[in-house]
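The values are calculated or read from the model by the stated rules, or taken from the named source; none is laboratory data. Since the model is a prediction, treat every value here as computed from it, not as a measurement. All Cβ positions, glycine included, derive from the backbone under ideal geometry; neighbour counts span all protein chains shown.
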Amino acid sequence: MSAANSLVDQLDDLVSLERGEIDRRIFSDEEIFDLEMKYIFGRAWLFLCHETQIPKRGDFFEAPMGRDNVLVVRQKDGSIRAFLNTCSHRGNAVCRAEEGNVKNFMCTYHGWTFGLDGELVGVPGKSIFYKDKLDLSKHPLRKVAQLETYRGFVFATFDETAPSLEDFLGPTGRLSLDLLAERGDMEVIPGIQKFVVNTNWKFTVDNVFDYYHPQITHMSAFAVGAIPSPPDEFVEGGALTDEGNRLEVPFLPTDLHNIVMISEYGHAISGPEQAVLEKDYGSQEPFAWRYTPGTQEKLGRYGSRVAGHPHIFPTTWLTAGGQLSLRIPRSPGVTEIWWYSFRDRNASGEQQAAELSGHIHYFGPAGLLEQEDGENWAQSTLQTRGGVSREVPQLLKMGLQTSKIIKEDGLAVIEAPINEHAQLWTYHSWREWLRNPTWEELRARTTPGDYI
Amino acid sequence: MTLETTPVDPDVEVRDVLRQYEIEQFYYKEAALLDGHRYDEWIKLFADDVHYFMPIRRTMTRRQIGREFTQPGEMAYFDENKQQLQTRVDKLSTGTAWAEDPPSRTRHLITNIRVEDAGGFELLAHSNFHLYRTRLKSEIDEWVGRREDVLRRVDGQLKIAKRFVYLDQTILQSANLSNFF
């Protein structure tokens, strides 16, 4: 029995919803990573880019799909296609720029040339070297199995049997994207921040839902007012400094109430209620976009109340501030992080500038928040490699088995104080994907029950 | 074998040589402040209306190389005014900025300094940098690039009125930019 088989056989031990424990081996094991690439990134609908990044015919953007790179290309008729960035002749990349505008993609190895639609349109010396026997129509660039957009967000899958994007997203995934799309006439601001963290990708996902960490991890950002400060109240007991002094931990108002949504295929939304953010900011004004009747209706009863953070399984995070982060696994211990930032085309110059400044100063490698996050993820990943350290289970026991799940509008909602339900749900769903079930089985096994 | 020396360019004036020396010393002092974690002194080198900007660099074809860097108003890694730089400095001194505690060891190597008049009391200074950083037990990060500074003489003191930092990397090969450039 191979190690991979033995790990698959142990899936129930690796992730336990009942105990709220995760086996640390899932963060460093090479064979687990290979299975993830095959059964998750080889099948799921994956976010590629936003339509506004490629507005003109011939505009392209290179995006990852697992270990493959695809070119997302605006067609002459305005539609969008995506194909692998690998020549059908000898495999060389047909494009080595991250983005740009072209009339054709020409392979620099032998000059095979492909149209915007991926069709092979030119082979140098076709009659001399191939005696005109090469059927060009049989050797286009390999296309993704399915490509669809939801409100301008472009997704693709390599699995032709995958359900439609709308079905894959379901109410929770669609709400996640609506929470960004409803902000206005949204377009991507030029420039995608891209950087590398020595971490397993699952730590970056886990962190999206974690409202227990900001008070300690982002203490310095609170202290200098880089993010709206919690009220002047402090948590009793708990942390002690290395000098033995009591660390005054700012009390997070998010502690009062969180709204969590967990859903089919592993998507989840978890974070404070909108009212809490308004309390932090001292008004509803920054959130005016949420309060038009159309938006309230679109977001629905629970969607109107949830502030963040939505995550579309496996690796797309939408922030409460109008950004989208893609977490790209490169190896078990290396993850690339990309930040797409959006703006409302119709917003005033001042408003656009203020939001842009927020995007630059919160997240990204120089972000006053994410600097500290990366440090945590890297160290957590490092400790999963120790022969003994890796045997210490990862704990997700907060509020375990105590929270009732309310089913309404196709959503599965939990209202509770800060908790670890969405993280646990993500790992549970991850485990079910790795069993490589049919889409029907996967859907059934990732349908929330009554409690978590 | 005889060593032939090139005569000094008659167009180079002593004034320019002294100015070059002054700017070089200014940058070396700035590097020493950063590498010595003396951020409170470092920030005093900046004019109150400074714009400190690090654009995003993108891998583009030669034909479209003009679009390589993002512009102000677009996405960037740093887009700071004095107050925002001050906030970053303050954050480092809180004792809870964990990405810099334990502190990084850095070495700012500043080279290829070229100075030109920008008119009035301002100079335009181009320089290259190599920022070497080690963190914790064995982490190593390196950034190489160039800076474009506008230096202004205020009450006889040089101040950085504008700094644009152009990194040579497109996908940053590091987890954070918790240091200054």
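Restricting to strands (runs of 3 or more DSSP E) lying wholly in the stretch B:44-162: which have 2 or more residues that are touching a Gly at 6+ places or on another chain (Cβ under 8 Å)?
Numbers: elements: B:46-55, B:76-80, B:105-117, B:122-135, B:139-154.
Where strands (runs of 3 or more DSSP E) fall fully within the stretch B:44-162 and carry at least 2 residues being touching a Gly at 6+ places or on another chain (Cβ under 8 Å), they are B:76-80, B:122-135.
Which of the residues spanning the stretch B:62-95 are hydroxyl-bearing (Ser, Thr, Tyr) and out of contact with any strand residue (DSSP E or B) (no Cβ under 6 Å at 6 or more places or on another chain)? Steps first, answer last, please.
In the first step, residues of the stretch B:62-95 are kept if they are hydroxyl-bearing (Ser, Thr, Tyr); the result is B:70, B:77, B:87, B:93-94.
Once the filter is applied, which keeps residues that are hydroxyl-bearing (Ser, Thr, Tyr) and out of contact with any strand residue (DSSP E or B) (no Cβ under 6 Å at 6 or more places or on another chain), the stretch B:62-95 yields B:Thr87, B:Ser93, B:Thr94.
Condition (residue is more than 14 Å from chain B (Cβ to nearest Cβ), at pLDDT below 95, in contact with a helix residue (DSSP H, G or I) (Cβ under 7 Å, 6 or more places away or on another chain) and on the phi > 0 side of the Ramachandran plot) applied to the stretch A:400-409: is it met by at least one residue?
So far as the stretch A:400-409 goes, yes, one or more of its residues are more than 14 Å from chain B (Cβ to nearest Cβ), at pLDDT below 95, in contact with a helix residue (DSSP H, G or I) (Cβ under 7 Å, 6 or more places away or on another chain) and on the phi > 0 side of the Ramachandran plot.
Taking into account only those residues within the stretch A:350-363 that are surrounded by fewer than 16 Cβ atoms within 10 Å (Cβ to Cβ) and within 9 Å of chain B (Cβ to nearest Cβ), which is nearest to A:Pro228 (Cα to Cα)?
Within the stretch A:350-363, the subset surrounded by fewer than 16 Cβ atoms within 10 Å (Cβ to Cβ) is A:350-351, A:353-354, A:357.
If we keep only those that are within 9 Å of chain B (Cβ to nearest Cβ) too, we end up with A:353, A:357.
Working: A:Ala353: 18, A:Ser357: 15 Å.
Here the residue is A:Ser357.
Residues of the stretch A:433-452 being hydrophobic (A, V, I, L, M, F, W, C) and assigned to a loop (DSSP other than H, G, I, E, B), which ones?
Start the filter on the stretch A:433-452 by keeping residues that are hydrophobic (A, V, I, L, M, F, W, C), which leaves A:433-434, A:439, A:442, A:444, A:452.
A:Ile452, the sole residue that qualifies.
Output yes when any residue across the stretch A:394-401 is under 27 Å from A:Arg24 (Cβ atoms) and in contact with a Lys or Arg (Cβ under 7 Å, 6 or more places away or on another chain), and no when none is.
So in the stretch A:394-401, the residues under 27 Å from A:Arg24 (Cβ atoms) come out as A:394-401.
When the remaining residues are screened for being in contact with a Lys or Arg (Cβ under 7 Å, 6 or more places away or on another chain), the result is A:394.
Yes, because at least one residue in the stretch A:394-401 is under 27 Å from A:Arg24 (Cβ atoms) and in contact with a Lys or Arg (Cβ under 7 Å, 6 or more places away or on another chain).
May I ask you to verify whether B:Gly36 is surrounded by fewer than 18 Cβ atoms within 10 Å (Cβ to Cβ), away from chain A (no Cβ under 14 Å) and either aliphatic (A, V, I, L, M) or within 25 Å of B:Leu177 (Cα to Cα) (or both)? Break it down into steps so the answer makes sense when it comes.
Working: surrounded by fewer than 18 Cβ atoms within 10 Å (Cβ to Cβ): yes; away from chain A (no Cβ under 14 Å): yes; either aliphatic (A, V, I, L, M) or within 25 Å of B:Leu177 (Cα to Cα) (or both): yes.
Yes; evaluated as a whole, the condition is true for this residue.
Do we find a residue being of a type in the set (Lys, Arg), part of a helix (DSSP H, G or I) and out of contact with any Ser or Thr (no Cβ under 7 Å at 6 or more places or on another chain) anywhere in the stretch A:387-408? Step through it out loud before you land on a result.
Here is the first cut: in the stretch A:387-408, the residues of a type in the set (Lys, Arg) are A:390, A:397, A:404, A:407.
Okay, now just the ones that are also part of a helix (DSSP H, G or I), so A:390.
Then keep just the ones that are out of contact with any Ser or Thr (no Cβ under 7 Å at 6 or more places or on another chain); that gives none.
Scanning the stretch A:387-408 turns up no residue that is of a type in the set (Lys, Arg), part of a helix (DSSP H, G or I) and out of contact with any Ser or Thr (no Cβ under 7 Å at 6 or more places or on another chain).
I'm trying to understand the selection: among the residues of the stretch B:80-91, which are surrounded by 20 or more Cβ atoms within 10 Å (Cβ to Cβ) and at the interface with chain A (Cβ under 8 Å from one of its Cβ atoms)?
Correct list: B:Arg88, B:Lys91.
If I go through the stretch A:130-148 residue by residue, how many of them are in contact with a strand residue (DSSP E or B) (Cβ under 7 Å, 6 or more places away or on another chain) and either modelled with pLDDT under 95 or not in a helix (DSSP H, G or I) (or both)?
Start the filter on the stretch A:130-148 by keeping residues that are in contact with a strand residue (DSSP E or B) (Cβ under 7 Å, 6 or more places away or on another chain), which leaves A:136, A:139-148.
Cutting the leftovers down to either modelled with pLDDT under 95 or not in a helix (DSSP H, G or I) (or both) gives us A:139-148.
Residues flagged as in contact with a strand residue (DSSP E or B) (Cβ under 7 Å, 6 or more places away or on another chain) and either modelled with pLDDT under 95 or not in a helix (DSSP H, G or I) (or both) within the stretch A:130-148 amount to 10.
Can you name every residue in the stretch A:329-349 that is under 11 Å from the mean Cα position of the chain (by Cα) and surrounded by fewer than 22 Cβ atoms within 10 Å (Cβ to Cβ)?
The one that is under 11 Å from the mean Cα position of the chain (by Cα) and surrounded by fewer than 22 Cβ atoms within 10 Å (Cβ to Cβ): A:Trp338.
What pairs come up if the first residue lies in the stretch A:372-399 and is away from every other protein chain (no Cβ under 14 Å) and over 29 Å from A:Ala416 (Cα atoms), the second is buried (at least 18 other Cβ atoms within 10 Å of the Cβ) and hydroxyl-bearing (Ser, Thr, Tyr), and their beta carbons are under 6 Å apart, counting only those six or more places apart or on different chains?
Listed by first residue and then by second, the contacts come to A:Thr384/A:Ser28; A:Arg390/A:Thr384.
Could you run through the stretch B:47-79 and say how many residues are over 18 Å from B:Gln169 (Cβ atoms), more than 7 Å from every other protein chain (Cβ to nearest Cβ) and surrounded by fewer than 20 Cβ atoms within 10 Å (Cβ to Cβ)?
Final tally of qualifying residues: 10.
Taking the stretch A:287-304 as the region of interest, how many residues are among the charged types (D, E, K, R) and over 23 Å from A:Val260 (Cβ atoms)?
Here is the first cut: in the stretch A:287-304, the residues among the charged types (D, E, K, R) are A:290, A:297-298, A:301.
Narrowing the set further to residues that are over 23 Å from A:Val260 (Cβ atoms) leaves none.
Number of matching residues: 0.
Wholly within the stretch A:151-205, which strands (runs of 3 or more DSSP E) include no fewer than the required count, namely at least 3 residues that are out of contact with any Gly (no Cβ under 9 Å at 6 or more places or on another chain) and on the phi < 0 side of the Ramachandran plot?
Where strands (runs of 3 or more DSSP E) fall fully within the stretch A:151-205 and carry at least 3 residues being out of contact with any Gly (no Cβ under 9 Å at 6 or more places or on another chain) and on the phi < 0 side of the Ramachandran plot, they are A:153-157.
Keeping to the stretch A:315-353, report how many residues are of a type outside the set (A, V, I, L, M, F, W, C), assigned to a loop (DSSP other than H, G, I, E, B) and within 21 Å of A:Asp280 (Cβ to Cβ). Please lay out each step first, then the result.
Here is the first cut: in the stretch A:315-353, the residues of a type outside the set (A, V, I, L, M, F, W, C) are A:315-316, A:319, A:321-323, A:325, A:327, A:329-333, A:335-336, A:340-341, A:343-346, A:348-352.
Subset that is assigned to a loop (DSSP other than H, G, I, E, B): A:315, A:319, A:321-322, A:332-333, A:345-346, A:348.
So of that shortlist, the ones also within 21 Å of A:Asp280 (Cβ to Cβ) come out as A:319, A:321-322.
Residues meeting the conditions: 3.
Could you pull out the residue among B:Ala118, B:Ala97, B:Ala125 that is surrounded by 13 or more Cβ atoms within 10 Å (Cβ to Cβ), at the interface with chain A (Cβ under 9 Å from one of its Cβ atoms) and among the small types (Gly, Ala, Ser)? I'd like the intermediate steps shown before the answer.
Values: B:Ala118 fails: at the interface with chain A (Cβ under 9 Å from one of its Cβ atoms); B:Ala125 fails: at the interface with chain A (Cβ under 9 Å from one of its Cβ atoms).
Exactly one residue qualifies, and that residue is B:Ala97.
From A:Arg24, A:Arg43, A:Arg74, A:Arg67, which residue is under 18 Å from the mean Cα position of the chain (by Cα) and buried (at least 19 other Cβ atoms within 10 Å of the Cβ)? Even if it seems obvious, please write down each step before you answer.
Numbers: A:Arg24 fails: under 18 Å from the mean Cα position of the chain (by Cα); A:Arg74 fails: under 18 Å from the mean Cα position of the chain (by Cα); A:Arg67 fails: buried (at least 19 other Cβ atoms within 10 Å of the Cβ).
Sole residue among the options that is under 18 Å from the mean Cα position of the chain (by Cα) and buried (at least 19 other Cβ atoms within 10 Å of the Cβ): A:Arg43.
So, A:Ala422, is that one in contact with a helix residue (DSSP H, G or I) (Cβ under 9 Å, 6 or more places away or on another chain) and in a strand (DSSP E or B) or not? Don't jump to the end; show me each part of the working.
On the way: in contact with a helix residue (DSSP H, G or I) (Cβ under 9 Å, 6 or more places away or on another chain): yes; in a strand (DSSP E or B): no.
Spelling it out, it is not the case that A:Ala422 is in contact with a helix residue (DSSP H, G or I) (Cβ under 9 Å, 6 or more places away or on another chain) and in a strand (DSSP E or B).
Quick check on A:Ala366: is it part of a loop (DSSP other than H, G, I, E, B) and within 11 Å of chain B (Cβ to nearest Cβ)?
yes
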